[in-house]
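Heads up: the structure comes next, in structure tokens.
The values are calculated or read from the model by the stated rules, or taken from the named source; none is laboratory data. Owing to the predicted nature of the structure, the values given are computational and were not obtained by experimental measurement. Using ideal geometry, Cβ is built from the backbone for each residue, glycine included, and neighbour counts are taken over all protein chains shown. Areas reflect the complete protein model, heavy atoms only, side chains present, ligands, DNA and RNA absent. Shrake-Rupley method; radii C 1.70, N 1.55, O 1.52, S 1.80 Å.
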Amino acid sequence: MTPRQVHALLKRQVVTWQREELLVGILASTTANFSFCRPDEPLEAESFMMHPLPEKDAELTGEDVMAAFARFPKTKPVDKS
């Protein structure tokens, strides 16, 4: 494997870990926030994650969506004759 392939696999694995940790964090924070000894300030799901999600500063814009779709290969229209 090339270093680029190893990095891509590791990046994909980290995203998988983040998803699983977020799901467990939602469960843990909900349980803690609604228990008999609940904290004064509600706990967030991210506080239970070892691999935190990246911070998003800006909202998703139309330009971001168009740039994402621009990566797909162009296809020719199908002739329905």
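If we count GluC sites (Glu not before Pro) as exposed when they sit in a DSSP loop and have at most 14 other beta carbons within 10 Å, what is the longest stretch of the chain that avoids them all? Excluding the exposed sites themselves, the longest stretch runs over 1-43. Surface composition of region 3-81: carbon plus sulfur atoms contribute 62% of the solvent-accessible area (1.4 Å probe, protein chains only, all chains present). Max-minus-min Cα coordinates of region 22-64 on each principal axis give 47, 19, 13 Å, with the largest extent listed first.
Note that the chain shows a convex hull volume over its alpha carbon atoms of 214 Å³ per residue.
Gain in length, THR61 to ARG12, computed as 0.36 nm per residue apart minus the alpha-carbon separation, to one decimal in nm?
Values: separation 49, 0.36 × 49 = 17.64 nm, distance 2.44 nm.
Working it through step by step, the gained length comes to 15.2 nm.
The residues of the chain expose, per residue, 99 Å² of accessible area to a 1.4 Å probe.
Under the convention that each Lys and Arg Cβ holds +1 and each Asp and Glu Cβ holds -1, the size of the dipole of the chain around its Cα centre is about 780 debye.
So which chymotrypsin sites (Phe, Trp or Tyr not before Pro) in region 9-59 pass both tests, a DSSP loop state and at most 11 other Cβ atoms within 10 Å of the Cβ?
When the chymotrypsin sites (Phe, Trp or Tyr not before Pro) of region 9-59 are filtered for loop state and at most 11 Cβ neighbours within 10 Å, PHE34, PHE36 remain.
For LYS11, neighbours were defined as the other residues whose beta-carbon sits under 15 Å from its Cβ, and their charges (Lys and Arg +1, Asp and Glu -1) total +3. Quote the FRET efficiency, to the nearest 0.05, computed for LYS76 versus LEU53 with a Förster distance R0 of 35 Å and r equal to the Cβ-Cβ distance. Calculated value: 0.35.
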